[in-house]
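These notes concern the structure reproduced below.
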């Protein structure tokens, strides 16, 4: 007798959620009621973003009644939800491959691996696509099949063939100088370039390039120049200041051992393994990013820059600055805020003939108490 166990796990991508450990109760169904076998089904995670970028790594393990692996057996994979496709080894017909059916052969450990992708069809942002089942089917002689449930949601469809920037717009409220915002670049035809990337409000820098805060290296300005490490951005190759070379996006693979590893952002393997350096090679580059650095606090409104790929596809990204009127700190386009700013300007400096300058509820100078006419000179005292 043999048992077929199917294990699904999320691999990398642009989302995917966190890992989930532990085995559920045995779930199994048999193609032949006279056969005996246990089909243990796990999923990590049990909910994924269907954006054509997140992937499910499916592993079907075939073993006999004694628990010994059975190698060299072809397993068929299918799904009952249209949005799941299999890549790698697909079913071929005279009309071409059918990617809703996949095949993989068990190795010496009895494992048959295949990758499934969620999100073959775009839907509205935030839409719920439903819960489907991925099936693993052994050849008919084994009378064994297993199913694993996967919930698909849509957080904004990403087509890897189309250039996209996530997010494409962002609002910053009371941003401080030096604060940064990251944007992820998806799809299109790399390499990417930036246009209109610098303004008085901020500067956008493509990953693997130096950002504001670096020092001069070799006598040239480093901002925007290519880099691999912070030493590439600093004088004499110094590692200081840190974090001035923005690298590619890295995300954890499903084979990591962390409590929230599947698809989460990482810098080293330890980030994927709850601090442990093992297993190794689970933190992988999975894309490029743009970092936007705030340079000034006197700008109010929307700043934009453009991301363009080598196929001339372009995305305009907007960064809107908003400042709170009434908090007592004059920033952005505010002329004043409560009393802040009134010590620097007077009615006379604004062209009036004196008076008392105040600040309005809209953080603009209120000149209603400024004098529009020159006051009459004081009368001379009467002489007796």
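The values are calculated or read from the model by the stated rules, or taken from the named source; none is laboratory data. All figures in this text were calculated on a predicted structure; none of them were measured in a lab. Neighbour counts run over all protein chains shown; Cβ positions are idealised from the backbone, glycine included.
Figures for the structure shown
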| item | result |
| --- | --- |
| Sole exception among (1) touching a helix residue (DSSP H, G or I) at 6+ places or on another chain (Cβ under 8 Å); (2) at pLDDT below 90 for residue 212, by number | (1) |
| Candidates 229, 205, 189, filtered to the one that is within 23 Å of the chain's Cα centre (by Cα) and at pLDDT below 80 | 189 |
| Residue list for the range 51-69, filter: modelled with pLDDT of 70 or more and buried (at least 18 other Cβ atoms within 10 Å of the Cβ) | 56, 57, 58, 59, 60, 61, 62, 63 |
| Matching residues, the range 330-359, being surrounded by 13 or more Cβ atoms within 10 Å (Cβ to Cβ) and either part of a helix (DSSP H, G or I) or touching a residue at least 40 places away in the same chain (Cβ under 8 Å) (or both) | 331, 348 |
| Residue match in the range 251-262 (condition: closer than 18 Å to residue 57 by Cα, modelled with pLDDT under 80 and assigned to a strand (DSSP E or B)) | yes |
| Residues that are at positive phi and either surrounded by 15 or more Cβ atoms within 10 Å (Cβ to Cβ) or not in a loop (DSSP other than H, G, I, E, B) (or both), drawn from the range 168-201 | 187, 188 |
| Pair list, Cβ < 8 Å and 6+ apart or interchain, from the range 114-143 residues that are at pLDDT below 75 to residues that are surrounded by fewer than 15 Cβ atoms within 10 Å (Cβ to Cβ) and in a loop (DSSP other than H, G, I, E, B) | 120/82; 121/82 |
| Among residues of the range 99-113, those that are in a strand (DSSP E or B) and either modelled with pLDDT under 85 or not assigned by TED's automatic domain parsing to the domain that holds residue 74 (or both), counted | 5 |
| Filter result for residue 281 (exposed (fewer than 15 other Cβ atoms within 10 Å of the Cβ), without any contact (Cβ under 8 Å) to a residue 60 or more places away in the chain and either in contact with a helix residue (DSSP H, G or I) (Cβ under 6 Å, 6 or more places away or on another chain) or within 30 Å of residue 244 (Cβ to Cβ) (or both)) | yes |
| In the range 292-318, the residues that are more than 12 Å from residue 198 (Cα to Cα) and either assigned to a strand (DSSP E or B) or outside the structural domain of residue 171 (by TED's automatic domain parsing) (or both) | 301, 302, 307, 308, 309, 314, 315, 316, 317, 318 |
